[in-house]
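The values are calculated or read from the model by the stated rules, or taken from the named source; none is laboratory data. Computed from a predicted structure; not experimentally measured. Here Cβ is always computed from backbone atoms with ideal geometry, including for glycine, and neighbour counts include all displayed protein chains. The area values use the complete protein model at the heavy-atom level, side chains included, leaving out ligands, DNA and RNA. Shrake-Rupley method; radii C 1.70, N 1.55, O 1.52, S 1.80 Å.
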Amino acid sequence: MEIKKIICFIFLIFFFTKNINAADQIPKDAIEPYCKGNLKNVFIDDLKLENISIRILNSKKWNKNLLRLHLNYEKKRNESEHKDWITNFRITNDFKKKYKANVFVKYKNQNVCKFKAKIRLTGDLWLHLDWKKGSPISSIHVQLLNGHIFNITKFKLFLAKARYGSNEVFVSNLFKELGFLSPKTFFLKTKINNVDVNYIFQEDIKKELI
């Protein structure tokens with residue numbers, strides 16, 4: 001009886017040691033499954049995007065930078081002699097610093113995917129600035145660091161007025177249907193630090209597009 005216990009004990013030690021060694025042999029550069037494998041059985045191409053939420057890690061600095069830009073815009077507008085054209089206002093690179101953020105992607109009937117990202121302001125003119133429920137908002141550029149949306153890692157979220165509403169979406173999709181190279185473009189419900197904004201999602205013109 002004692003011999004059987006010893007044999008079982010040795011077998012258990014061998015079994016756990018083998019599994020530990022196997023785990024150590026997993027390549028460090030192994031590809032992590034999309035969304036950490038949390039999506040239900042479905043092909044990525046069949047996913048339907050419902051909305052995204054962006055939480056900027058240093059929201060205080062982000063809001064301060066954005067508010068400073070809005071104040072600069074109001075100053076230039078008050079100095080301008082033209083109602084609809086502000087000749088000396090541009091969103092300069094000083095306002096386009098990158099900020100770390102978390103992007104939460106929600107597909108229809110799926111769990112939420114969380115990706116790390118860097119975001120910044122995008123655009124040059126005042127059309128990329130607006131207010132929503134007392135909060136300053138803008139068009140933004142998003143770079144996903146450890147994930148993608150429809151194989152897109154870099155994209156822009158444009159305020160609708162910056163792209164003349166549905167015109168941008170219609171033209172981009174028309175060109176795609178006609179066989180021209182055109183970035184993926186569609187309307188997308190978005191939250192930026194809990195502020196709801198209806199953006200135009202547009203794929204950045206990078207190598208993924210080609």
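Count the net charge of all other residues whose Cβ sits under 12 Å from the Cβ of D196, scoring Lys and Arg as +1 and Asp and Glu as -1. Each step should come with its number before you reach the end.
Details: positive: K132, K133, K189, K191; negative: none.
That works out to +4.
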Multiply the residue separation of V112 and E74 by 0.36 nm, subtract the distance between their alpha-carbon atoms, and state the gained length in nm to one decimal. 9.8 nm
Which order, highest average first, do 95-101, 71-77 follow once you tally other Cβ atoms within 10 Å for each residue and take the mean per peptide? 95-101, 71-77
Residue-by-residue Karplus 3J(HN,Hα) for the range 149-158, coefficients 6.51, -1.76, 1.60, Hz, glycine and proline x: 10, 6, 6, 9, 9, 10, 8, 10, 10, 8
Quick check: net charge around I119, other residues with Cβ under 9 Å of its Cβ, Lys/Arg +1 and Asp/Glu -1? +4
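Pop out the carbon and sulfur fraction of the accessible area of the range 161-210 as a percent, whole number, probe 1.4 Å. Please list the in-between numbers first.
Working: 1880 of 3300 Å².
The nonpolar share, carbon plus sulfur, comes to 57 percent.
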How much of the accessible area of the range 105-149, probe 1.4 Å, is carbon plus sulfur, in whole percent? 47 percent
What distance in nm separates the simple spin-label points at N146 and K100, each placed 7 Å from Cα in the Cβ direction? 1.1 nm
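Would you mind working out the accessible area per residue for the range 114-191, using a 1.4 Å probe, and quoting it in Å²?
On the way: 4070 Å² over 78 residues.
Averaged over the residues of the range 114-191, the accessible area is 52 Å².
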